[in-house]
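Contents: one structure, followed by commentary.
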Amino acid sequence: MNPAVKRVKLRDVADMAGVSIQTVSRVVRGVDAVADETRERVMAAVQELNYQPNLAARSLSAHRTGSVHVIDAVPLFHGHAATFVAICQQLAALDLHISTTVAPFGFSETPDPRDLVPLSADGIIILGGRADSPAWVAEIAAATPTVVVGRAHDLPATSVGVAVDHKEGAKQAVAHLLGRGSRRIVHIAGPLDWMDAALRLEGYREACAEAGIPERVLHAESWDASAAYPLIEGLEQGSFDGVFAANDQLALGCLGMLQRRGIAIPREVRVVGFDDMAGADALFPSLTTLRQDFSRVGELAVDALKLMLEGNRPRRRSSRPPSSSANQPERNTRALRTHDPSPAPRCPRTRRSRRQDPDR
């Protein structure tokens, strides 16, 4: 800060607005007990003077430092990176300081929680998603308000989880394939040490049981497209007419191997992915996929932590289905976003490829 520039204080805002310092403080802290006309006058003075609240002073009365620590416990590829950025942006918008730590991804090592969390943190957001909840999460949550991203169940009672409803998303994918006439649906499952993969597999199995069709699961060694090649290559042509892949990369590998084998898509086999990766609509044949709003997950995590810091307990652990409407998070929105050029039976947010279906 330039020492020649005078820092604007609460007194300056109070003088311009014609109110007391206490009233300005209540407005800045978001306390409701201020008349609307007075609040508007104070906020006009805040904007004109470009007043920046002193975070440490503002938190002193609540015995808080105004800082939140984010623990990254997963590789930041694809959607995790978007969620991480959204968390940081939302925390910054609340004028909270942010610090980060990278935890061991595989949990083969057991880190000391004291090495993960600074003493100054008022709250913790853990960006996770592995199937096994590490023991250090419970220890951290017992001492500090904690939100776990990527997991909504089997959490310490002192924490709150925010996650996409992967099981519901998998059921939507199978329902879409069934609606298009597929009855021999194969699921390419992702690595089961990820919660996402385990829940999508569970949803697939439940959907098959409800529809009375046999399940057929092939396990990929990774989330990469190449992991799907040997799985699809080993299937006998005509033994399957639909594939639900656990993510779009695996679905991309399916499309590639099906084309190499000369199997017509979607006439002989239909493929559905999960994530709605960038460029899904540019593939040929184009890919039908479910969209996860990764940024919205980050926003919900910060909302939950904010409630905890204010002394409130979120009503329930937040588990959101894959949603194409970030403005309506409470709605169980169908998220199947299809780029399949053949007619779609009552599928919301259906988008058709501009390419002509080669099978027509």
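On the given criteria, is residue 206 under 25 Å from the mean Cα position of the chain (by Cα) and farther than 30 Å from residue 118 by Cα? It is true that residue 206 is under 25 Å from the mean Cα position of the chain (by Cα) and farther than 30 Å from residue 118 by Cα.
Taking the condition of being farther than 16 Å from residue 296 by Cα and open to solvent by less than 50 Å² (accessible area, probe 1.4 Å), how many residues in region 134-159 meet it? Quick ask: steps written out before the conclusion?
As a first pass, look at region 134-159 and keep what is farther than 16 Å from residue 296 by Cα: 134-146, 153-159.
With the extra rule that they be open to solvent by less than 50 Å² (accessible area, probe 1.4 Å), the set shrinks to 134, 136-138, 140-141, 144-146, 155-156, 159.
Counting residues in region 134-159 that are farther than 16 Å from residue 296 by Cα and open to solvent by less than 50 Å² (accessible area, probe 1.4 Å) gives 12.
Do we have residue 58 as modelled with pLDDT of 65 or more, under 21 Å from residue 308 (Cα atoms) and within 38 Å of the chain's Cα centre (by Cα) here? Here the answer is no, as residue 58 does not meet what is asked. Of all residues in region 136-164, those being touching a Leu at 6+ places or on another chain (Cβ under 8 Å) and among the charged types (D, E, K, R) number 0. Identify all residues within region 65-100 that are in a helix (DSSP H, G or I) and either more than 11 Å from the chain's Cα centre (by Cα) or under 26 Å from residue 310 (Cβ atoms) (or both); write none if there are none. Within region 65-100, 83, 84, 85, 86, 87, 88, 89, 90, 91, 92, 93 qualify. Just one of the listed residues (297, 271) is farther than 24 Å from residue 208 by Cβ and open to solvent by less than 50 Å² (accessible area, probe 1.4 Å), and it is 297. On inspection, residue 243 does not qualify as within 30 Å of residue 311 (Cα to Cα) and not in a helix (DSSP H, G or I).
Just checking, how many residues over region 192-222 are assigned to a loop (DSSP other than H, G, I, E, B), without any contact (Cβ under 8 Å) to a residue 60 or more places away in the chain and open to solvent by 20 Å² or more (accessible area, probe 1.4 Å)?
Initial filter on region 192-222 (assigned to a loop (DSSP other than H, G, I, E, B)): 192-193, 212-215, 220-222.
From what is left, the residues that are without any contact (Cβ under 8 Å) to a residue 60 or more places away in the chain are 212-215, 220-222.
Okay, now just the ones that are also open to solvent by 20 Å² or more (accessible area, probe 1.4 Å), so 212-215, 221-222.
Count: 6.
For region 252-268, taking the residues that are touching an Asp or Glu at 6+ places or on another chain (Cβ under 9 Å) and open to solvent by less than 10 Å² (accessible area, probe 1.4 Å), the one that is farthest from residue 292 (Cα to Cα) is identified as 258. Of all the residues in region 223-245, those that are within 18 Å of residue 166 (Cβ to Cβ) and open to solvent by 70 Å² or more (accessible area, probe 1.4 Å) number 0.
Candidates in region 6-33 are the residues that are buried (at least 16 other Cβ atoms within 10 Å of the Cβ) and not in a helix (DSSP H, G or I); of these, the one that is modelled with the lowest pLDDT is 8.
Can you pull out the residues in region 173-191 that are open to solvent by 10 Å² or more (accessible area, probe 1.4 Å) and closer than 15 Å to residue 223 by Cα?
Keep residues of region 173-191 that are open to solvent by 10 Å² or more (accessible area, probe 1.4 Å), which gives 175-176, 178-181, 183-184, 191.
Matches in region 173-191: 191 only.
Quick one: in region 44-55, which of the residues that are open to solvent by 70 Å² or more (accessible area, probe 1.4 Å) and part of a helix (DSSP H, G or I) is modelled with the highest pLDDT? If we take residues in region 44-55 being open to solvent by 70 Å² or more (accessible area, probe 1.4 Å) and part of a helix (DSSP H, G or I), then 48 is modelled with the highest pLDDT.
The values are calculated or read from the model by the stated rules, or taken from the named source; none is laboratory data. What you see is a predicted model; the values in this text were computed from it and never measured. Glycine also receives a Cβ, built like all others from the backbone with ideal geometry; neighbour counts cover every protein chain displayed. What goes into the accessible areas is simple: the full protein's heavy atoms, side chains included, and nothing from ligands, DNA or RNA. Shrake-Rupley method; radii C 1.70, N 1.55, O 1.52, S 1.80 Å.
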